[in-house]
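Data block below; observations after.
The values are calculated or read from the model by the stated rules, or taken from the named source; none is laboratory data. What you see is a predicted model; the values in this text were computed from it and never measured. Methodologically, a virtual Cβ is constructed for each residue, glycine included, from the backbone with ideal geometry; neighbour enumeration extends over all protein chains shown.
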Amino acid sequence: MNKKAQENALIGMVVFGIIALILIGGALVLGLGAGVLTYTSDIFNEATAGLGDIAGTNMTQVQEMTVGTLNETIQMSKWFSTFILIFSFLGLLIFAFVIRSEPRGWLIGIYFVVVIILIIASVFTSNMYEDFHNGTDEIALELQSMVATSFMIIYLPHLIVTIAFIGGIIMFSGGGEFA
């Protein structure tokens, strides 16, 4: 492996770590954001549902056509967040395939450091989300209704370890662009 390829592999690994950290933070934001958004939308939808007739305009019909449709779209954010997480994990594996390199000891060492940082960050993220998820308020009930997303965020450290292991095998299999 020449000097330029080693530099490119190192840059690729750092970018891999940064993308994974963004994924971990994004998982928390997606999970909590979808829960808060659906809860707020439900409350707003209930508050505007029975407006009746105001100044000759059927506000109930207007509400159904605007806020009701928006509420249905927001309710889909539960599954939208799940698919974003799944495709993010697949994207990390594809990225690992793209930056494949020869298995050099120092690159493997840097990769392990990046993975350990990711695991620690995912543990903190998972614990924060689990605190919200196991609560007794309305937001906790919304988060508990998001079964797939909650499962992935609560078990995020396990998923990160699995993806890091598979990604490491792919990344150090050699023969990539930087070989």
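Okay, here's what the table says:
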read-out: Test: residue in the stretch 15-26 that is buried (at least 18 other Cβ atoms within 10 Å of the Cβ), more than 30 Å from residue 170 (Cβ to Cβ), touching a Ser or Thr at 6+ places or on another chain (Cβ under 9 Å) and at pLDDT 75 or above; value: no
read-out: The stretch 27-71, residues that are more than 30 Å from residue 128 (Cβ to Cβ), touching a helix residue (DSSP H, G or I) at 6+ places or on another chain (Cβ under 7 Å), surrounded by 12 or more Cβ atoms within 10 Å (Cβ to Cβ) and of a type outside the set (A, V, I, L, M); value: 48, 63, 68
read-out: Total residues in the stretch 53-112, condition over 17 Å from the mean Cα position of the chain (by Cα), over 15 Å from residue 174 (Cα atoms) and in contact (Cβ under 8 Å) with a residue 60 or more places away in the chain; value: 1
read-out: Where residue 136 falls short, out of the listed (1) closer than 17 Å to residue 35 by Cβ; (2) among the polar types (S, T, N, Q); (3) in a helix (DSSP H, G or I); value: (3)
read-out: Any hit, the stretch 115-122, residues being surrounded by 14 or more Cβ atoms within 10 Å (Cβ to Cβ) and polar (S, T, N, Q); value: yes
read-out: Only one of 162, 125 that is surrounded by 14 or more Cβ atoms within 10 Å (Cβ to Cβ), farther than 29 Å from residue 46 by Cβ and out of contact with any strand residue (DSSP E or B) (no Cβ under 7 Å at 6 or more places or on another chain); value: 125
